[in-house]
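The values are calculated or read from the model by the stated rules, or taken from the named source; none is laboratory data. If you're wondering where the values come from, they're calculated on a predicted model, not measured in any experiment. Ideal geometry is used to build each Cβ from the backbone, glycine not excepted, and the neighbour counts take in all protein chains shown. Accessible surface areas use protein heavy atoms only, side chains included; no ligands, DNA or RNA. Shrake-Rupley method; radii C 1.70, N 1.55, O 1.52, S 1.80 Å.
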Amino acid sequence: MHDVIVIGMGAMGSATAFHLAKRGAKVLGLEQFDIPHSRGSSHGHSRMIRQAYFEHPDYVPLLKRAYELWFDLERESGQKLFHVTGGVYVGKLDGSLVAGSRKAAELHGLPHEMLTREQLQARFPQIIVPDDHVALVEPAAGLLIPERVVASHARLALEHGGELHAHEPVTSWTADGAGVRVTTTKGTYKAKHLVIAAGTWASRLVRDLGVTIRPTRQVLGWVWPKKPELFALGKLPVWAIQNDDGSEHYGFPMMPEAPGFKLAHHFPGDNTDPDRNEWAAKPEDEATFRPFLKRHFPDADGPLLGIRICMYENSPDSHFIIDRHPVTPNVTVACGFSGHGFKFSSVVGEVLADLATSG
């Protein structure tokens, strides 16, 4: 019998397996695809990380711990996982992006700087915004390399004695006072505790939560700028700009992992079925970012280099669901990360390991 079984070896599940194995727990990780893979939410060569969290100031203590754990993981893995680039968040002064980021920064004493539109244009001439926009600059923001992160957590889990199985989909699970039983396409396993970190497949595996997890199809785009020197790593921070509808577009400096300037729309896309998601690019996908690019980054408005698809697992309020299962307390659930969870995976793995072993 295992101490803990973890379903899903994406960002959250691989981090959980690592923390459990490092503590000496007998852990089994189950994944239906490769480890890592590109059929969920943990790929695309870059993920933003920031501490001035406009979504809610209560996330900041988790983020501070996440930063510590990211640097620990770099040291233990010997891999470059985290690039501190700084971040710039642009919108109207009273908009949720700028006002929320400022509130979180001020409440938690995070270093930051407010820029007028004129100051923004002088410092970052790549970014063109209307006269009524301002910006908040956060020096500590940056980006993570998601595939490398998942691979590092998985490798270290294995090196610490964990057991990971790829290409082994879970078909069912049960739990009672004696423990849990997980059945896959290849066998049945027993454990004292189960952690479900299955991303958009959570709705397939978890019942009785009282909330709906809505999977959506999300588009990531890469273009080759007209002036690529303006968008290189070291020349441009990670960035987000709020649109009039309250959604945001966001992006990254150019990275060696994939050629071009990456950007995307942070807003729930079309509803999808994770088992039947359209992974191939569609003709209309480019329209999710090209008009924005023309308006705000005209020097980057060059040829299309790539489109990739990921998925969001949206909770009703876009906040995370991390807790013991309400009916079976020897099952822990982590889902509903709503497109902004990856940066937390180092600390969520620690939290889930706590819930599975020590309360």
| remark: Per residue, the convex hull enclosing the alpha carbons of region 187-321 has a volume in Å³ of 164 Å³
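Counting only DSSP beta bridges with both residues in the chain, tell me the antiparallel percent, nearest 5.
Given both bridge residues lie in the chain, the antiparallel proportion sits at roughly 70 percent.
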| Alpha-carbon Rg with Dmax, taken over region 65-155, Å | 16.1, 49
| Per-residue ³J(HN,Hα) for region 289-306, Karplus 6.51 cos²θ - 1.76 cosθ + 1.60, θ = phi - 60°, Hz, x for Gly and Pro | 9, 5, x, 4, 4, 4, 6, 10, 9, x, 6, 9, 7, x, x, 5, 10, x
| note | Quick note, region 2-72: a/c under 1.5 would make it rounded; otherwise a/b > b/c is prolate and the rest oblate (a ≥ b ≥ c, C-alpha gyration tensor); here it is oblate
| request: Run the dipole for the chain about the Cα centre, Lys and Arg Cβ at +1, Asp and Glu Cβ at -1, nothing else charged, and hand back the magnitude in debye, nearest 20. | output: 540 debye
| field | Of Lys226/Lys282; Lys226/Lys343; Lys80/Lys192; Lys22/Lys343, pairs whose Cα-Cα distance is over 27 Å | value | Lys226/Lys343; Lys80/Lys192
| Sequence-distant residues sharing a close amide H with Thr332 (under 5 Å, placed H) | Leu194, Val195, Ile196, His325
| request: Could you tell me the accessible area of Lys282 in Å² (1.4 Å probe, neighbours in place), rounded to the nearest ten? | output: 40 Å²
| Over the Cα atoms of the chain, what Rg and Dmax result, in angstrom? | 20.4, 65
| query | Going toward the positive end of the dipole of region 270-359, with +1 on Lys and Arg Cβ and -1 on Asp and Glu Cβ, which of Pro298, Phe337, Thr288 do you reach last? | reply | Pro298
| query | Roughly what angle does helix 60-77 make with the longest principal axis of the chain, taking Cα atoms, 0 to 90 degrees, to the nearest 10? | reply | 70 degrees
